[in-house]
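Bear in mind that the values in this text are calculations on the coordinates, not laboratory data. Here the structure is a predicted model, which is why all the values come from computation and not from measurement. All Cβ positions, glycine included, derive from the backbone under ideal geometry; neighbour counts span all protein chains shown.
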Amino acid sequence: VWPGDGSPCGEASGRGTCQDVVVSNALVGSQFPFSGIDDRENWPVVFYNRTCRCQGNFMGHHCGECKFGYRGSDCTERRAMVRKELFKLTAAEKDKFIAYLNLAKRTTSQDFVIITGTHQQMDNGSNPLFADINVYDLFVWMHYYASRDAFLEGQAVWENIDFAHEAPGFVPWHRFFLLLWE
């Protein structure tokens with residue numbers, strides 16, 4: 001629910017609509033010879049099956065944010081961003097950057113929690129295992145979750161898989177991940 005108008009996905013304000021999640025049924029690939037074992041195989045439907053489909057220049061889990069490169073209450077103002085070379089930052093810019101990183105470490109996310117167990121460990125969702133997380137560690141966790149080993153039956157682990165870095169969507173996923181971080 002977008003707090004701006006109290007409707008799911010800001011639908012009452014034309015920001016987006018709530019829709020069923022559609023996932024590909026394409027094979028994962030020969031590097032992962034299992035099926036129905038890992039939560040990430042059919043991400044995200046193992047945890048939720050509806051999501052916001054944002055319209056126009058809106059984005060975010062409830063269409064309450066502006067797409068990259070836009071700002072303003074209606075996300076219509078263009079915003080040019082220039083990334084400065086880290087080694088060319090002034091002392092004041094470095095201090096500001098570090099201050100923001102420290103703030104992210106001390107700020108609990110108001111929008112997201114993380115899972116602390118597999119879907120199987122959660123008894124197929126009937127025993128939720130979630131925890132609050134700070135904004136900085138949320139990004140660390142997202143990267144970990146996408147690239148971690150696969151947990152198999154019992155205590156077995158499949159180490160020869162990296163759903164993030166070895167997947168065909170690696171480049172766009174990583175670009176989006178870094179844009180979110182910024």
- Note on the structure: Taking a crude spin-label model, label points 7 Å out from Cα along the C-beta direction, the residue 35 to residue 159 distance in nm is 2.8 nm
- Query: Given 37 °C and 0.692 mPa s, how large is the Stokes-Einstein diffusion coefficient of the range 1-81 in µm²/s, with Rh as the Kirkwood radius over Cα pairs?
  - Reply: 225 µm²/s
- Item | Helix-only CD estimate at 222 nm, as mean residue ellipticity for the chain, using -39500 (n - 2.57) per DSSP H run (n ≥ 4) | -7000 deg cm²/dmol
- Provide, for q = 0.26, 0.28 Å⁻¹, the log10 of I(q)/I(0) from a solvent-free Debye sum over equal Cα point scatterers in the range 83-129. -0.92, -0.96
- Fewest-first ordering of 157, 46 by Cβ atoms within 10 Å yields 157, 46
- In a Gaussian network model over the chain where Cα atoms closer than 10 Å are linked, find which of 135, 113, 171 has the largest mean-square fluctuation. 171
- Task: Starting from the Cα of residue 107, step 7 Å toward the Cβ, then list every residue of the range 131-149 with an amide N under 11 Å from that point.
- Result: 135-136
- Item | Label-point separation in nm, residue 124 to residue 81, each point 7 Å along Cα→Cβ | 4.2 nm
- Rg to Rh for the range 83-181: what is it, with Cα atoms only and Rh by Kirkwood? 1.07
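Given C-alpha coordinates of the chain, what is the ratio Rg to Rh with the Kirkwood estimate of Rh? Could you put the intermediate results ahead of the total?
On the way: Rg = 18.9 Å, Rh = 19.1 Å.
Checking Rg against Rh, the ratio lands at 0.99.
Quick check on packing: order 84-90, 1-7 by the mean number of other C-beta atoms within 10 Å, highest mean leading. Present the calculation step by step, with values, prior to reporting the outcome.
Details: 84-90: 8.6, 1-7: 14.6.
In decreasing order of mean packing, 84-90, 1-7 become 1-7, 84-90.
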